[in-house]
1. What is the Cα convex hull volume of the chain when expressed per residue in Å³?
2. Relative to the Cα centre, what is the charge dipole magnitude of the chain, using +1 at the beta carbon of each Lys and Arg, -1 at the beta carbon of each Asp and Glu, and rounding to the nearest 20 debye?
3. For the pair residue 389/residue 441, report the inter-label distance in nm, with labels modelled 7 Å from Cα in the Cβ direction.
4. How far, in nm, would the chain grow between residue 414 and residue 400 when pulled straight, counting 0.36 nm per residue and subtracting the alpha carbon separation?
5. How far is helix 158-168 tilted off the main Cα axis of the chain, in degrees rounded to 10, range 0 to 90?
6. Which peptide among 157-170, 268-281, 100-113, 136-149 comes first, and what is the full order, when sorted by highest mean count of other Cβ atoms within 10 Å?
7. Could you pull out every residue, at least 5 positions away or on a different chain, whose amide H is within less than 5 Å of the one on residue 420? Hs are placed 1.01 Å off N in the peptide plane, and Pro or chain starts have none.
8. If you take the charge dipole of the chain about its Cα centre, with +1 on Lys and Arg Cβ and -1 on Asp and Glu Cβ, which of 326, 384, 187 is farthest toward its positive end?
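Just so it is clear, none of the values below were taken in a lab; they were calculated from the coordinates. Computed from a predicted structure; not experimentally measured. Here the Cβ positions follow ideal geometry from the backbone for every residue, glycine too, while neighbour counts run over all protein chains shown.
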Amino acid sequence: MRKRDASLRLWGGGTTIAALAAPAVTWAQSTAPKIDSGDTAWMLVSSLLVLMMTIPGLALFYAGMVRRKNILATLAQSFGATCVITVLWMIAGYSLAFTGSGPWIGGFTYVLLKPLGLTSISALAPTIPESVYMMFQMTFAIITPALIAGALADRMKFSAFLLFMAAWLLLVYCPIAHWVWGGGWLGAAGALDYAGGTVVHLNAGTAGLVAALMLGKRKGLGTESFAPHNLAYSVIGASLLWVGWFGFNAGSALTSGFNAGMAMVATQIATAGAALAWMAAEWAVAKKPSVLGMVSGAVAGLVAITPASGYVNASGALLIGLAAGAVCYLSAVHLKHRFGYDDALDCWGVHGVGGALGAILTGVFAMKEINPSAAPKGGWLEGNFHQLALQVLDVGVTFVYCAAVTAAILFVLKVTIGIRVSEDVEREGLDINLHGEVVHA
C-alpha cells in the first residue's frame with residue numbers, strides 16, 4: 001500500500017513528506033483536485049472487500065484447520081479482534097499512523113477522530129473523502145493483528161488475546177505503518193511496500209512466531225491427532241481471501257486508474273502461480289497434492305505479491321508467485337518441524353516468510369515503467385541495487401522492532417493475567433470452557 005503514490009502522481013511529485021502527512025483540511029481550504037466519484041466508489045468497494053478478508057474470510061480459513069472443540073474459539077478471535085481494533089482505530093490508531101509529520105510516530109490531533117468532518121480530505125488520498133480513506137486503513141489495521149491468531153490457536157486465553165490485540169495495534173502496527181506509509185522515515189528513505197508485505201504480513205508473522213514460542217507447544221502435539229475439523233471451511237475462507245485481496249492490493253492504488261488495474265493483474269497471476277508451485281512441491285515430496293496445500297499456496301502467493309503488486313509487470317508477478325509457493329511450503333511444512341516451534345496454522349511460515357520474500361523480491365523486480373512516481377529507478381534487474389538494499393533494511397527493521405515489542409507485551413500479560421489456558425481447559429476444548437458453547441455437527 002504505497003500511500004504516497006496518488007499524491008505524487010496528482011501533484012506532480014513536488015510534495016514533501018511533511019505535507020503528505022499533514023492533517024486533513026476542509027473542502028474550502030483544500031488545493032487538491034476535487035473528489036473523484038470513480039475513485040471514491042472503488043475505495044468504498046475496496047474497503048468492504050478488505051473487511052470481508054477478516055470476517056468471514058480469515059475466520060473461516062483458520063476455523064476449518066483447528067479441531068472441532070476449538071472452532072468457535074477460533075472464530076471468536078477474528079470477530080473479537082475486528083471489534084476491538086475498530087474502536088481503537090477510531091480512538092487513536094488512525095491518528096498515530098496517518099497524521100502528523102514525525103519520522104517515528106504520527107500525531108494526536110485525530111484522537112477520537114474529532115477533526116474528521118463531512119468534507120474532510122487527507123493529503124495522502126486527495127481524490128476521496130477522508131472518511132473513506134480512514135475506513136480503508138481501518139480494514140488493514142483489523143486484519144493485521146487478526147492474522148497472528150493462526151500461530152497461537154488452541155491455547156491462548158480469550159481475555160489475554162483481546163488485550164494483546166489492543167496493545168499490539170497501538171505499539172507495533174501503528175508505528176510501523178507510519179514509518180512506511182504515513183510519512184515516516186522508511187517511506188522517506190524510499191522503501192517500497194505497495195500494500196503491506198512488511199507492514200502487514202511480516203509484521204503479523206513475526207508476532208505470531210514470538211507468540212508461538214512464548215506460549216509453548218500445544219498439549220499432545222506429536223502424539224495426538226491434530227487433523228483439521230473441516231477443510232471445506234478453509235477452502236471457503238481462502239476463496240474469500242483471494243477475492244477480497246483485490247481490494248487489498250488494487251485498492252492500495254487509492255484511485256480507479258492504471259495502477260489499480262496492474263495491481264489486480266499481478267495479484268491474480270502470482271496467486272495462481274504460488275498455488276501451483278506449492279502443489280508441485282508437495283506432490284514431489286509427499287506424493288499427493290493436498291487441498292490444504294493448494295489453498296495455503298494461494299495465500300502464500302497473495303502475501304508475497306502484496307508489497308510488489310503496484311511495481312511489477314506480469315512476468316515479475318509470476319516469478320514472485322512461483323518462488324513464494326515453493327519457499328513457503330518448505331517453511332510451513334518442513335522448517336517448522338525441524339526447529340520444533342508450534343506455529344499452529346502457519347502464520348510465520350506463510351505470512352512472515354512470504355511477506356519478507358515478497359518485500360525483498362520487490363527490490364529485484366520493481367520496474368520504473370510500471371510506477372515511475374514511486375519507483376523511478378526500478379529494482380535490481382534495472383540496475384538499481386540500492387532499492388534491494390532498502391528492501392532488506394525494511395525487512396530487518398520490521399522484524400527486530402516487532403519481535404522485541406511483541407515479546408514485551410506478551411511478557412507483561414504473562415506475569416499479570418496469564419496468557420495460556422490450563423491443561424484441563426486445553427484438553428477439553430476452548431469452546432465450552434471459554435465461551436460456554438460447542439459445535440454439535
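1. 127
2. 280
3. Calculated label separation equals 6.1 nm.
4. 2.9 nm
5. So the helix axis and the longest Cα principal axis differ by about 30 degrees.
6. In decreasing order of mean packing, 157-170, 268-281, 100-113, 136-149 become 136-149, 268-281, 157-170, 100-113.
7. Result for residue 420 returns 157.
8. Highest projection toward the positive end goes to 326.
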